[in-house]
Amino acid sequence: MDKRERYFWDLTGYLILRDILTVDEIAAANEAIDHHADQIHVGKPNEGARDSQTLRGTGQRALHGLLELAAPYCEPFRKMLVHPQVIMRLSVMCGAGFRFDHGPWVTDSVKGTEGLIMHGQGEPHRPFVAYHHQSNKMHCSGVTVTWQLSDINAGEGGFSCVPGSHKSRFPMPHGVQTCDDDMGVVIQPEMKAGDVIFFMDGAQTHGTFPWRGEHHRRSVLFKYADRTSVRAGVAREIAPPEIYWEEELVEGMTEAQRAVMYGPCSSLQTTKLTVDGDGTVRVENG
Ligand SMILES: O=C(O)CCC(=O)C(=O)O
């Protein structure tokens, strides 16, 4: 990652590398998706657009489990997982020892597919996806790396973001979240098949514009985290106390005792403890 890239990343919260995949690599990844087209999951309309008028459309389309596809179909995605161009930049963005957290899936939008409201804005503070600086170094806890398998031209939709929003200190206006009154701050970067975009997942405000292109949007998303941040994926499954620890160790524990025995996972809502006026410790959202 050179100084120019570092400047752009720190300033905007995203970075695009051009022309990274070869024509053959793009073809192999697209062929793998075509081969599993009957397994593409189609969501309910407007689950992602919520109350937005601008982002409305038909249900989102995604194929999950790309690393688990039977060989040779998993190979293009396993190569992307540790592609040298990605590794050398993530080492700077997230620090040494970063890890793959969840994904990858391919977004396979057709004309009319809905968007996704703008989300992630560094507010409220969530350390497992936050961006900060110390000792003249930057550190981002959560980075998404998205590979483009088809072109994304101006106005066609797809990934969109508010550049610089990872440094904003104020809540996002509702009109920006829905894009119904985006104040001109939301952009949709143009990309070509073979390009790759990094964005500060959670720190930067980002989302998806509805797909307007005649061809399919095909973008493959990999979610990385720094060495000690844990977000979702398998962490969610292994976090419950009886799985994370030995069953016997947690057997007979109170609800409050069990609440501190969860393994690390950012998306669990069951572990918040509170102390009442009389000193009773209890689970708030159990
Ligand atoms: O590439 C996109 O459509 C944006 C995806 C997104 O919002 C996310 O991964 O949180």
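The values are calculated or read from the model by the stated rules, or taken from the named source; none is laboratory data. Here the structure is a predicted model, which means the values were calculated and not measured. Cβ placement follows ideal geometry from the backbone for every residue including glycine, while neighbour counts extend to all protein chains displayed. Side chains are part of the model used for accessible areas, which takes the heavy atoms of the whole protein and leaves out ligands, DNA and RNA. Shrake-Rupley method; radii C 1.70, N 1.55, O 1.52, S 1.80 Å.
For this structure, a couple of remarks:
- Complete set of residues in segment 39-69 that are within 20 Å of ARG218 (Cβ to Cβ) and of a type in the set (Ser, Thr, Tyr): THR58
- Per-region count, segment 157-175, residues surrounded by fewer than 22 Cβ atoms within 10 Å (Cβ to Cβ), within 16 Å of the ligand (Cβ to nearest atom) and more than 30 Å from ASN30 (Cα to Cα): 1
- LEU55 meets the conditions (1) open to solvent by 30 Å² or more (accessible area, probe 1.4 Å); (2) touching a Phe, Trp or Tyr at 6+ places or on another chain (Cβ under 8 Å); (3) part of a loop (DSSP other than H, G, I, E, B) in every case but one. The failed one is (1).
- Among residues of segment 200-216, those that are open to solvent by less than 20 Å² (accessible area, probe 1.4 Å), at pLDDT 95 or above and either near the ligand (Cβ under 8 Å from one of its atoms) or at positive phi (or both), counted: 2
- The residues listed here are ALA259, ALA225, ALA239, ALA235; of these, the one that is at negative phi and within 15 Å of the ligand (Cβ to nearest atom) is ALA225.
- Of all residue pairs spaced 6 or more apart or on separate chains, those with beta-carbon atoms under 8 Å, a first member in segment 105-123 that is in the same structural domain as THR178 (by TED's automatic domain parsing) and a second member that is open to solvent by 40 Å² or more (accessible area, probe 1.4 Å) and among the hydroxyl-bearing types (Ser, Thr, Tyr) are VAL110/THR58; GLY112/THR58; THR113/THR58; GLU114/THR58; GLY115/THR54; GLN121/SER168; GLY122/SER168; GLU123/SER168.
- Taking residues in segment 41-56 that are among the basic types (Lys, Arg), and partners anywhere that are in a loop (DSSP other than H, G, I, E, B) and open to solvent by less than 20 Å² (accessible area, probe 1.4 Å), the pairs with Cβ atoms closer than 9 Å and at least 6 places apart or on different chains are LYS44/GLY59; ARG56/ALA49; ARG56/GLU114; ARG56/GLY115; ARG56/PRO210.
- Answer from HIS102, HIS119 - the residue that is buried (at least 16 other Cβ atoms within 10 Å of the Cβ), within 11 Å of the ligand (Cβ to nearest atom) and either more than 15 Å from the chain's Cα centre (by Cα) or under 24 Å from VAL234 (Cα atoms) (or both): HIS102
- Note on segment 65-76: residues that are in a helix (DSSP H, G or I) and out of contact with any strand residue (DSSP E or B) (no Cβ under 6 Å at 6 or more places or on another chain) total 4.
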